[in-house]
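The values are calculated or read from the model by the stated rules, or taken from the named source; none is laboratory data. The structure displayed is predicted, hence computed values, not measured ones. Quick reminder, even Gly has a Cβ in these numbers, built from the backbone with ideal geometry, and neighbours come from all protein chains shown.
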Amino acid sequence: MSGVDPRDPEALRAAIAAAIRTHWKLYLGQGLFLMLLGLAAAALPQLSTLAITVLIGVLFLVGGSVRLVVLTRSRHSPGHRWSLLTSLLAIVLGLVLLIAPLQGVLTLTLIVVALLLLQGAASIAVALEYRKHLRNWGWLLVSGLVDLLLSFLIWAGWPATAAWAIGLLVGLSIFFLGLALVMTALAARTLGPPA
């Protein structure tokens with residue numbers, strides 16, 4: 001989209017539509033992959049929940065460790081003590097999630113509720129923007145609405161649903177995001193020039 005004036009909404013819309021049309025196969029491939037990944041996560045919800053918890057533990061541990069190493073080289077930077085404290089907390093949280101992942105599931109369940117709310121709202125906003133460019137923009141809207149519904153279902157059953165909710169609901173969310181990408185790709189494949 002180089003050369004497009006970002007202040008010209010029509011030119012920007014045309015460039016976005018052209019980019020989607022040009023790369024529809026990438027959207028299709030990504031969508032199919034996400035659908036398969038979502039189905040696998042939903043089919044094995046307890047395992048998926050545990051895997052997600054362990055993955056997040058690894059991310060906190062690695063992220064905190066990298067930040068700690070960087071901070072040892074910048075001891076005189078502003079806010080060094082607070083940054084040091086947050087990196088140590090990330091390391092401890094990562095270790096706790098890795099050592100006792102089942103206890104971390106309750107907290108992560110609440111985090112998933114928040115993430116699904118944000119993802120749902122973002123998908124709805126993007127769908128409303130795409131409605132001028134794609135006939136099947138409703139699939140992205142459905143994806144956002146499903147995310148909002150899933151976040152409500154997790155919250156309504158918490159804490160009893162925490163053991164399986166993350167794996168199942170994140171799997172379903174990934175599946176519907178993949179479906180939205182597939183439908184967007186199929187619509188973009190036959191998309192004519194913007195009106």
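When Thr109 is tested against (1) part of a helix (DSSP H, G or I); (2) over 30 Å from Leu12 (Cα atoms); (3) without any contact (Cβ under 8 Å) to a residue 40 or more places away in the chain, just one condition goes unmet, and that condition is (3).
The set of residues in the range 88-103 being out of contact with any Phe, Trp or Tyr (no Cβ under 6 Å at 6 or more places or on another chain), crowded, with 16+ Cβ neighbours inside 10 Å and closer than 13 Å to Arg67 by Cα consists of Ile91 alone. Of all residues in the range 53-66, those satisfying the criterion of being surrounded by fewer than 17 Cβ atoms within 10 Å (Cβ to Cβ) and not β-branched (Val, Ile, Thr) are Leu55, Leu59, Gly63, Ser65.
Per this entry, Val146 is counted among residues that are within 29 Å of His23 (Cβ to Cβ), buried (at least 20 other Cβ atoms within 10 Å of the Cβ) and modelled with pLDDT of 85 or more. Annotation for the range 154-163: no member residue is assigned to a helix (DSSP H, G or I), aliphatic (A, V, I, L, M), touching a Lys or Arg at 6+ places or on another chain (Cβ under 8 Å) and more than 30 Å from Ile20 (Cβ to Cβ). Of all residues in the range 59-88, those satisfying the criterion of being modelled with pLDDT of 80 or more and small (Gly, Ala, Ser) are Gly63, Gly64, Ser65, Ser87.
For the range 41-70, residues that are more than 20 Å from Leu115 (Cα to Cα) and either small (Gly, Ala, Ser) or without any contact (Cβ under 8 Å) to a residue 12 or more places away in the chain (or both) total 6.
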